[in-house]
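See below for the structure under consideration.
Just so you know, all these numbers are worked out from the coordinates, no wet-lab data involved. Keep in mind it's a predicted model, so treat the numbers as computed, not measured. Backbone-built Cβ (ideal geometry, glycine too); neighbour counts: all protein chains shown.
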Amino acid sequence: MGMRTAPALAAAILVACVACTYSIPGLDTDSGGDGGVGTFEASTEASSGGDDGTNPADTGGGPPGDSSTHMDAAPCTVACTCAKDSDCTTAKGAEGICAQAADVGTDLGETAFCSQPCCTSANCDPGTVCFAGGAGGNYCVDPKWLSRSSTLGASIGGTTCTANANCRSGLCSGGKCADTCCSFANSMAECASGTQCSFGAFPGKSPDIHFAAFCGPIGGAGTAGSDCSVSSQCAGGLCYTNTMGGPSFCVAPCSTSTECGGGFGCQLDTQEGDIYSACFNGAGQGAQGSACTNGFMQCLGGLCTSAGMCTNICYSDGVCNSGWRCQPMYDTGYPAGDPTVLACAP
């Protein structure tokens, strides 16, 4: 496991989020204003619908960056080219994100395209799906870029399926819809009955295979914070290696510090080179918007903006202060190479 070099995560201790009753704010709630108008590239290619579900995903559609499958129109929503955030707007009229390689990772093969944060594919605009690229956030993208079905169903992650097109994510794997999620505590809302939000290798095709939180089978008996030696012992799907010499402990996905409770914050670390969020006990307790110079030492969310204000990771605008947006932010202290992370910022 890649450990955060700041002393903050080296002393991290996980809180038991399983008993938390917090309900995540609506992830489709945008707090921004009207978006700008740019160049819209809407896919003109429809799926043939011949997917029998025996393969993890469709291979149809042009490769990433293939402009032959697009046409110009307006306004620009998701998956179209852009130069800046104001070129992008969501289906609800809020300003989107002009995603760069530092935001979504280089293996996607796409840069400078309009997107928006997401927890699951249901949070994305029609025709797009939620991608956990391991680079510090989940982003809505064109399903063809991930070799998923271009025809999207309505079934959420964990639902029984026979074809990729049955699923909102465009991906049926092992007879179940495979989709991202962001909160173990909120599994009942994000995942189908009999499954839960836990960590693992996402069951897609390259570049869709990253360590991420997704709707999968019920894990081991180990609740968040329980001692463990292997990840299969943990309900959250990950046994966190304690580099301070103490016992390793179970980790579960989180989306907000509120669901962690007890002064613990939803913070970042890496596993197999991919960034994920879980409840850790950092030194700081500063709320979003509090003054700071060191995110870990002063902020509950473990992050400090360039403007000197505490902030937190996010999967939607709905968890941000009024007037703030969930957008890519450079965290200069972590991880190596300074990719961005999705965080609330003015």
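Before moving on, here are some points about what is shown:
- 25 Å Cα-Cα threshold exceeded, pairs from 92/176; 176/205; 84/144: 92/176
- Per-residue 3J(HN,Hα) values for segment 147-158, derived from phi via the Karplus relation 6.51 cos²θ - 1.76 cosθ + 1.60 with θ = phi - 60°, read 6, 9, 5, 7, 8, 10, x, 10, 6, 7, x, x Hz in sequence order (x marks Gly and Pro).
- Gyration tensor over alpha-carbon atoms, segment 237-310, equivalent ellipsoid semi-axes in Å: 23, 13, 12
- Tensor-based shape of segment 110-243 (alpha-carbon gyration tensor, a/c under 1.5 rounded, otherwise prolate or oblate): prolate
- Taking Cβ atoms as reference points and 13 Å as the exclusive limit, the residues near residue 201 contribute a net charge of -2, counting Lys and Arg as +1 and Asp and Glu as -1.
- From least to most packed, judged by other beta carbons within 10 angstrom and beginning with the fewest, 230, 319, 104 follow the order 230, 319, 104.
- Fewest neighbouring Cβ atoms within 10 Å first, the residues 309, 297 line up as 297, 309.
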